[in-house]
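The values are calculated or read from the model by the stated rules, or taken from the named source; none is laboratory data. Because the structure is a prediction, the values reported are computed rather than measured. When we count neighbours, we look across all protein chains shown, and the Cβ atoms used for this are built from the backbone with ideal geometry, even at glycine.
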Amino acid sequence: MKRARFDRLLLAALSLACASSFAAPLLPQSITFDTMSGRDLAASPVALSAVASSGLAVEYFSQTPSTCWVYGATLTLISSGVCLLTANQPGNNDYDAAAPIRRGFLITDTVAATRSRLANISSRGQVLTGNNVMIAGFVVSISEHLPVSYGKTVAITVAGPSLATAGIANPLMNPKLTLVRQSDGVVIATNDDFGTQANPIDFDALQAAGLLPSHGLEPAIIATLPSGAYTAIVEGVGGATGTALVGVYEVDHPELPLINISTRAQVLTGNDVLIAGFIVQGDYPSRKQVIVTAAGPSLADAGIANPLSNPMITVVRQSDGVVIASNDDWQNQHPGIVSSIRGSIFAPAHPQESGVNLFLDPGAYTVIVQGAGGRVGVGLVAVYAGPIAVQ
């Protein structure tokens, strides 16, 4: 009897094992999640509509909950900036888990963006070695309505190899970027090639913001920064030299504008002068006070061995190429302009340095810095947001 009972149990176990061995494999499934375009904050809430091929319900997760969050299939927009989402379907007894799909887009704030402000800055110049690397500085402002620790997200990018397509004969072939906090010299981030990020989500954020460089050897950093002053240092990997273009771009919170932006680099001749571009944002006809300066001789006091002895600046409106201002020595112009510059905190430190005080409509502008009489050396171009905005 015991042997018969044992045989029955063994047969049942073998039958169960065989049934398990020949169980049907889980069916594959995939998720369709359409690309999402940018949206304004006022468009909230947004209905999400990803579909799993299995017909099972899709789950959504926000990777940027301070900007956007999800409940069920409803997306709520919280703040301007990058929104990154993941759509998942974990599967069940019949279907295997689907590969997750990630989507990202930029949330704008049209209401806050009506304020006249500086939004983006870029500078093109020579990158050499030692003290002659390119250095860009910018300041994130303090808002009276927000705590000092409240952050603004900016993206800093450097173009080098891609400048060859614009006719630049000696582009910096492999630029490297370092972001430093000026108050204590702490390095916040570094990057060599934008496709390799210390935090992989930063690549998705740069892509969603539409700010990926166009060449694989070009660097990019995206960072959320509290109010304060910052420096972006551009150098060539392995001591390489050439022409590069560094840009600082506003990603979120137009109510926390960039107020002071500057670049220090070698100023040569021809295509190798120092060129800075900036954008005044806001609703037309609101005009923004902007003070533009070029330093040269006073850089010797900062230990620069070869400062540009006599810089001159030309400001051009990009939309039509019209020259709207030029200056050689900042005290050599209309007394009212000299007085307004002297009365600000941005007056050049040397009489042979240049400066203009402008009230600019929204739009893009270019500042060209060159040496009077073909002089060469290190120059510093700065664009300062004045306190006045007029209609």
* Asked: What is the residue count in segment 332-347 for residues that are of a type outside the set (F, W, Y) and not in a helix (DSSP H, G or I)?
  -> 7
* Condition test on A385, is it modelled with pLDDT of 95 or more and crowded, with 21+ Cβ neighbours inside 10 Å? -> no
* Structure fact -> With the first residue restricted to segment 238-263 and required to be under 13 Å from L118 (Cα atoms), and the second required to be outside any strand (DSSP E or B) and of a type in the set (K, R), Cβ contacts under 8 Å at 6 or more apart or on different chains are P254/R115; E255/R115; P257/R115
* Asked: Of the residues V323, V273, V280, which single one is modelled with pLDDT of 95 or more and aliphatic (A, V, I, L, M)?
  -> V323
* Asked: Does N199 satisfy the condition of being farther than 12 Å from V154 by Cβ and modelled with pLDDT under 95?
  -> yes
* Candidate set from segment 77-101 (those that are within 30 Å of the chain's Cα centre (by Cα), in contact (Cβ under 8 Å) with a residue 60 or more places away in the chain and in a loop (DSSP other than H, G, I, E, B)); member that is farthest from A209 (Cα to Cα) -> A99
* Candidate set: segment 37-51, residues that are in contact with a strand residue (DSSP E or B) (Cβ under 8 Å, 6 or more places away or on another chain) and of a type outside the set (A, V, I, L, M); chosen: the one farthest from G81 (Cα to Cα) -> P45
